[in-house]
Structure formats: C-alpha cells, structure tokens
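J.: This is the structure I have questions about; it appears just below.
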C-alpha cells in the first residue's frame with residue numbers, strides 16, 4: 001500500500017536496501033562456491049591421477065601411449081590395449097544404442113497409445129536404475145554363453161577370416177577389414193563385441209529417456225502442421241522432431257557415452273580381460289576401467305603408478321570425446337544459420 | 001482406534017528403550033577389544049569363521065577386510081591396522097626396514113582344472129613343464145604328443161586348448177606362476193611370477209569364481225583355482241607330478257605334506273614359497289598366507305589380542321579350516337611359529 005510505504009522514515013528504507021544488497025552478495029558467493037566445488041573436484045581428480053601416474057609417465061614417456069605391453073613380470077607397461085578396448089566397446093555400444101533409443105523415444109512420444117506411454121516410460125527409468133553388476137552377471141552367465149553357442153559361430157563362419165571349414169566367405173574376402181574384425185579362434189563369448197552389446201543394453205535407458213523427454217517438448221502446432229501437409233510419421237520424426245531437439249538429443253547420447261566409457265563392473269565380467277591387442281571384435285580385450293578394477297588392489301610401485309596414469313588417460317579420453325561433441329554441436333548450429 | 005494407536009506408540013517407545021538398553025549392553029561387551037586386519041582374500045572365508053568362533057569365546061571382535069594382499073601390506077606399513085595378511089611373503093630387508101615379522105597361518109592348494117568332454121576329475125595327468133607349456137601357448141591342442149605321453153590309456157579328443165587365468169591380481173596367480181617358474185625355465189625368463197603377469201595366451205576371469213565360470217563355459221579350457229572352488233563347482237581337476245616324481249591327486253593330505261616337507265628350517269621369517277615342495281606325497285602347488293605384524297607394536301593391547309586370536313586359530317581352528325577345504329598347519333610348524341612369536345615379538 002503506497003500510503004503506508006510513504007509513511008516509513010527514509011533511513012529504514014535505506015537500511016533495508018543495504019541489507020538486501022548484502023544478502024544478494026552473500027547469495028551470489030554461495031552460488032559461486034557451489035559451482036567452484038565442481039571445478040575443484042574435477043581439477044583435483046585429474047591432478048591426483050596425473051600426480052599418481054608421474055612415475056609411469058617419467059619411466060616410459062610417450063612409449064606409455066603407444067606401447068601395447070602390460071607386463072608386470074618385467075615391469076613394462078603401455079596403455080594401447082586398454083585405451084583401444086575402452087573406445088571400441090563404447091563405440092559399439094553407441095552404434096547399437098542410438099538407433100534403438102531413437103525408436104523407443106519416437107514410439108513413446110508419437111506412436112504409442114496414451115495408456116501405454118506412462119508404464120513403458122517408468123519401466124525405462126527403472127532399467128536405468130539397475131546396478132551395473134547385475135548387467136555384468138547377466139552378461140557372464142546368460143548372454144556370453146548364448147553368444148558363444150549361437151551367434152559367434154555364424155559370425156566367424158560367414159564374416160570372419162578364420163572360419164571352421166577354412167573356406168572364406170564372400171564378405172570376408174572382398175570387404176576390407178570385415179574378415180579381420182570377425183575372425184577369432186577363441187571358442188567363448190567374452191569379447192569386445194559382447195562387452196559393447198552389454199554396454200548398449202545398459203545405456204539404452206539413459207539415452208531413450210532423455211530423447212523421450214525432449215521429444216515431448218516439440219510444439220504440437222509444428223507436428224500437426226506437418227501432418228496436415230501430408231507428412232508421414234517418419235517424416236515428422238526425422239524432419240520436425242529431431243531437428244527441433246537436436247542439441248538435447250546429442251546431449252543425451254553423450255550422457256550415455258560417458259557412462260559407457262567409465263563403466264567398470266559389467267565390462268570386467270564380459271570383456272575377457274586379455275591384455276592383447278587384436279583387430280578382431282570377437283577376441284577378448286581389456287578396458288581402462290576394467291584393468292584398474294582388476295589390478296589395483298594387488299599393484300605396487302610402477303604398476304600402481306601405471307594404473308594411475310591409465311586413470312588419467314580415461315580423463316583425457318572422456319574430455320576429448322566431450323570436446324568433439326561440443327564442436328559438433330557448434331558446427332550444427334552454424335549450419336542452421338542462427 | 002485412538003486408544004489402540006496410543007497403545008502402539010507406547011509399546012513402540014518401550015521397544016525402543018529396550019533396544020537401546022540391549023545395544024548398550026552389547027556395546028560394553030564389544031568394547032573388550034576390537035582388532036583390525038586387512039589383506040589377502042584367500043584367507044577371508046576361514047578368517048571370518050575363526051573370528052566368529054573367537055568372538056563367541058572371548059568377546060573380542062576381529063574385523064578382517066579382504067582388500068587384497070598388496071593393500072594389506074600397504075596398510076600395515078602405514079600402521080593403520082593391527083595385522084596385515086599377504087599371499088606373498090615380504091622380503092627380509094623390507095621386514096627389517098619396517099620392524100615387521102611374518103608367519104604362515106593356514107595352507108591351501110591350487111589345482112589346475114579342465115573342461116574336456118568325457119574327462120572326469122583325476123583322469124588326466126600333467127607335469128609342471130607341460131602345464132607351463134600349455135600356459136605359454138606352446139601346446140595348443142589336447143591331442144598333443146607331450147600330453148599323450150603322460151596319459152597312457154586315456155585318449156584325449158583333438159580340440160583347441162583355451163587357457164583361463166585370473167584377470168585380477170591375486171595370491172592364487174602368485175603361487176601358480178611361481179610354480180611354473182620353478183619348473184619351466186622359459187616361463188621363468190619370459191613371464192616370471194607375481195600376483196599379475198603378462199599372460200602369453202588366454203582369457204582372464206575375475207576371481208576364483210570368474211575362472212570357474214569360464215572353465216565351465218568353455219569346452220577345451222584349462223584354468224587354475226583354489227581347491228575349495230574346484231570342489232564346490234565340481235570341476236575336473238588335473239593330477240600333477242610333484243618334485244619327487246609322483247603323480248598326486250589334490251587332497252588335504254597332499255597339501256599338508258607339502259607344508260610339512262617344505263624347508264622351513266632355513267627360511268628366515270618363514271620367507272619360503274612352498275610350491276614344488278620336495279615331499280614324496282606333496283601337492284606341488286600348495287600355498288599359504290602370511291600374517292604380518294609389528295615386532296614392537298604401536299598398540300600393545302590390540303597386538304596381544306591378535307596373538308591370542310592366532311594362537312586360538314592355530315590350536316583350535318583346525319576343524320573350521322578343514323570344513324572350508326583349507327589345511328591346518330602341521331604341528332611341528334605350529335610349534336615353530338609359536339617359538340618365533342616368543343623370540344621375535346615383544347608382547
């Protein structure tokens with residue numbers, strides 16, 4: 001009430017505005033502190049792993065990055081095998097998970113009947129909450145044996161360069177790399193491909209729930225206009241929904257990728273843990289996280305330092321991946337001409 | 001409704017008071033002494049059984065963390081625990097440097113296990129050199145003449161051999177690779193031995209459980225696990241030729257024979273890895289776990305309780321150990337350890 005207001009002495013008003021300004025400053029400092037904690041923990045973790053790995057870096061120098069040896073007996077270590085394993089399994093996971101998640105999200109936001117949407121959406125969120133060890137157990141006890149008995153023989157015989165009967169298939173002979181990628185004479189499931197598939201199952205809930213949420217933000221007006229012009233559901237999804245939500249979708253994909261890169265337990269169970277570099281996706285391998293989980297408790301001296309150095313490399317790999325994502329987004333924004 | 005709720009509240013309050021009273025009673029009992037140890041996962045099952053029995057008898061609690069031998073040694077060096085437990089003995093100079101002493105506590109056997117169609121436990125025989133050649137990737141098929149030469153009368157099917165090893169650093173791997181190094185010069189020079197090595201071939205399973213699982217899944221595989229896991233998972237184990245040339249079945253007696261015939265007399269601080277033990281009836285890959293303690297403890301009270309616990313374990317814990325497929329130390333070794341306590345430790 002203005003009349004009342006005017007009745008207040010001027011110095012009280014001034015005090016109040018001083019107090020407000022002070023509170024405002026305090027609040028701003030608090031917020032800044034919260035944000036700085038993130039930065040400090042990031043730098044702290046990166047710094048700690050780099051410091052822990054200094055012995056390894058100084059002992060091997062650049063060799064650490066290009067050597068595929070991991071030989072505790074002779075104290076020689078290199079990062080190529082685990083770094084390759086980490087990137088390969090995560091890429092396979094993305095290749096499988098992204099199209100499937102897109103399908104799930106489009107179905108739930110565009111196609112599914114209303115009564116089905118909420119239960120399926122909650123089911124996806126529940127899936128996202130399952131601890132990774134469960135996926136690991138499932139991979140080891142159920143999926144890897146199934147893969148070894150039913151899928152792997154077909155892959156090695158029809159695509160690989162080491163088929164059982166010795167006769168190369170057309171694909172193995174004529175398409176470059178395919179023979180190498182699918183050739184294997186290990187008779188078991190645990191491999192880079194299986195780890196990628198298990199990771200895909202793990203990250204599908206993440207990616208698809210993000211996609212579903214952002215697809216729902218697309219204004220009905222836009223979609224209905226497109227339908228009115230005769231677009232099919234596919235055209236609406238691909239030409240209206242996806243471009244509208246592109247940056248959020250890419251954000252969701254990288255959330256999934258981040259999880260795949262750092263996943264430890266599930267991968268340790270199904271990757272086979274062999275410290276050998278092999279071109280084949282059907283051979284066992286190792287990832288950075290699985291190597292650390294496997295060896296850290298018993299490691300001493302240079303081996304421990306090398307594991308810390310690996311942890312630092314995982315930081316670097318994740319950082320590079322995020323950087324690429326940022327650049328990609330910027331490129332896309334520029335193309336849109338905004 | 002109202003009265004019943006009131007009643008419920010009152011009874012709940014009474015229950016809470018009672019619970020606090022009970023808890024504080026136990027709290028007082030628990031304050032007797034809590035000792036902490038950490039290290040080897042190999043001894044974890046028997047440690048927890050012993051500590052439960054010991055707590056029942058004396059009221060003193062043992063908190064044993066199965067964090068791995070390396071971590072156990074690191075923690076005892078920092079003095080954050082009362083004793084460490086390691087599957088590999090510490091070197092004499094390290095013990096000297098930190099003022100530590102060590103002694104074995106229990107014995108266990110490590111057995112090679114196979115998955116070959118039609119082959120049961122105790123049917124296939126190997127010697128150390130051949131076993132190492134398989135793990136080196138030099139023998140790649142079950143019908144190899146070197147394997148056939150050791151197995152007259154058993155026809156092994158042709159089939160690729162898949163080696164299964166531990167992916168994690170472990171005392172089991174330490175003792176297994178130590179044995180291979182002792183019997184096969186090529187292994188000794190190329191791969192050496194340790195809790196983790198660069199395996200020339202094969203796939204890695206996490207823990208004894210992981211190796212057992214892979215061996216069960218993969219036809220034509222060979223791996224190595226602690227005896228208890230081979231028994232529990234009904235895996236087909238291999239008979240091994242020991243240092244005196246006899247083919248042995250893995251058994252508690254054979255593990256005990258290895259512990260009894262190992263040359264403890266000339267091993268300072270029990271620094272002896274007893275693989276390839278000389279006894280006629282000894283199982284060649286027998287292992288023990290060492291307890292590591294300060295000779296002049298920082299917390300004398302805790303240290304005293306720890307020794308009391310170990311005494312209890314060595315003298316009364318045999319049954320608990322054999323129930324879990326460990327082997328109690330033979331009596332002469334126990335008296336040797338007790339003499340070591342008296343002469344080396346201040347407590």
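J.: Provide the FRET efficiency to the nearest 0.05 for the residue B:58-residue B:158 pair, computing r from the beta carbons and using R0 = 45 Å.
T.: 0.15
J.: Label point 7 Å out from residue A:134 along Cα-to-Cβ: which residues of the range A:85-112 have amide N under 16 Å?
T.: No residue qualifies, since no backbone N sits under 16 Å from the label point.
J.: Å³ per residue of the Cα convex hull, for the range B:291-333?
T.: 84
J.: Exposure proxy check: B:183, A:267 ranked by fewest other beta carbons within 10 Å?
T.: Placing the least packed residue first, the sequence is B:183, A:267.
J.: Still on this model: Just checking the output field for A:53-63: average partner chain Cβ neighbours within 10 Å of each residue's Cβ?
T.: Average per residue, whole number: 0.
J.: Let me ask another. Hey, any idea what the orientation-averaged projected area of the convex hull of chain A's Cα atoms comes to, in nm²?
T.: That works out to 28.5 nm², a quarter of the Cα hull's surface.
J.: How large is the convex hull of the C-alpha atoms of the range A:282-322 per residue, in Å³?
T.: It comes to 77 Å³ per residue, whole-number rounded.
J.: Describe numerically, in nm with one decimal, the distance between label points set 7 Å from Cα along Cα→Cβ at residue A:67 and at residue A:54.
T.: Using points 7 Å along Cα→Cβ, the separation is 2.0 nm.
J.: Next up: Do the sum for chain A: with -39,500 (n - 2.57) for every DSSP H run of n ≥ 4, divided by all residues, what is the mean residue ellipticity at 222 nm, to the nearest 500 deg cm²/dmol?
T.: Taking each H run of at least 4 residues, the total per residue is -21500 deg cm²/dmol.
J.: Over the whole of A:290-297, what's the average partner chain Cβ count within 10 Å per residue? Rounded to a whole number, please.
T.: 6
J.: If neighbour count is taken as other Cβ atoms inside 10 Å, put A:67, A:287, B:173, A:184 in order from fewest to most.
T.: A:67, A:184, B:173, A:287
J.: For the range B:108-174, build the convex hull from the C-alpha positions and give me its volume per residue in Å³.
T.: That works out to 105 Å³ per residue.
J.: What relative contact order, as a whole-number percentage, does chain B give when Cα pairs under 8 Å and 6 or more residues apart are counted?
T.: Relative contact order comes out at 23 percent.
J.: Ignoring everything except DSSP H segments at least 4 long, calculate the 222 nm mean residue ellipticity for chain B; use -39,500 (n - 2.57) per segment, divide by total residues, nearest 500.
T.: -14000 deg cm²/dmol
J.: Any idea how far apart residue B:92 and residue A:43 come out in nm if each label point goes 7 Å out from Cα toward Cβ?
T.: In this crude spin-label approximation the distance works out to 5.1 nm.
J.: By average Cβ neighbour count within 10 Å, what is the ranking of A:99-107, B:279-287, B:88-96 from highest down?
T.: Per-residue Cβ counts within 10 Å, averaged per peptide and sorted highest first, yield B:279-287, A:99-107, B:88-96.
J.: Still on this model: Can you work out D for the range B:32-132 in µm² s⁻¹ from Stokes-Einstein, where Rh is the Kirkwood radius over C-alpha pairs, the temperature is 10 °C and the viscosity is 1.306 mPa s?
T.: It comes out at roughly 98 µm²/s.
J.: Does the range A:6-105 come out rounded, prolate or oblate, given a ≥ b ≥ c as the square roots of the eigenvalues of its C-alpha gyration tensor, rounded meaning a/c under 1.5 and, failing that, prolate meaning a/b above b/c?
T.: Judged from the Cα gyration tensor, the range A:6-105 comes out oblate (a/c at least 1.5, b/c at or above a/b).
J.: Here's something else I'd like to know. What percent antiparallel are the DSSP beta bridges of the protein assembly as shown, to the nearest 5?
T.: 60
J.: Along each principal axis of its Cα atoms, how long is the protein assembly as shown end to end? Whole angstroms, biggest number first, please.
T.: Answer, in whole Å and largest first: 102, 80, 64 Å.
J.: Normalised by the number of residues in the range A:129-240, what is the relative contact order in percent for Cα pairs under 8 Å and 6+ residues apart?
T.: Relative contact order comes out at 21 percent.
J.: Where is the GNM fluctuation largest for chain A (alpha-carbon springs, 10 angstrom cutoff): A:109, A:231, A:290?
T.: Ranking A:109, A:231, A:290 by mean-square fluctuation puts A:231 first.
J.: Something else now. Percent of Cα-Cα pairs more than 25 Å apart in the range B:206-312, please.
T.: 41
J.: Going highest first, how would you order A:292-298, B:308-314 by mean Cβ packing within 10 Å?
T.: A:292-298, B:308-314
J.: Could you please rank B:100, A:193, placing first whichever residue has the fewest other Cβ atoms within 10 Å of its Cβ?
T.: Least crowded to most crowded, the residues run B:100, A:193.
J.: Could you tell me the relative contact order of the range B:219-290? Use alpha-carbon pairs under 8 Å, at least six residues apart, and round to a whole percent.
T.: Rounded, it is 31 percent for the range B:219-290.
J.: Considering only A:82, A:153, A:187, give the residue with the highest GNM mean-square fluctuation for chain A, with springs between Cα atoms whenever their separation is below 10 Å.
T.: In this elastic network of chain A, the residue with the biggest mean-square fluctuation among A:82, A:153, A:187 is A:187.
Throughout, read-outs are computed from the coordinates displayed, never taken from laboratory work. Computed from a prediction, not measured in an experiment: that's the story for all the values here. All Cβ positions, even for glycine, are placed from backbone atoms using ideal geometry, and neighbour counts span all protein chains on display.
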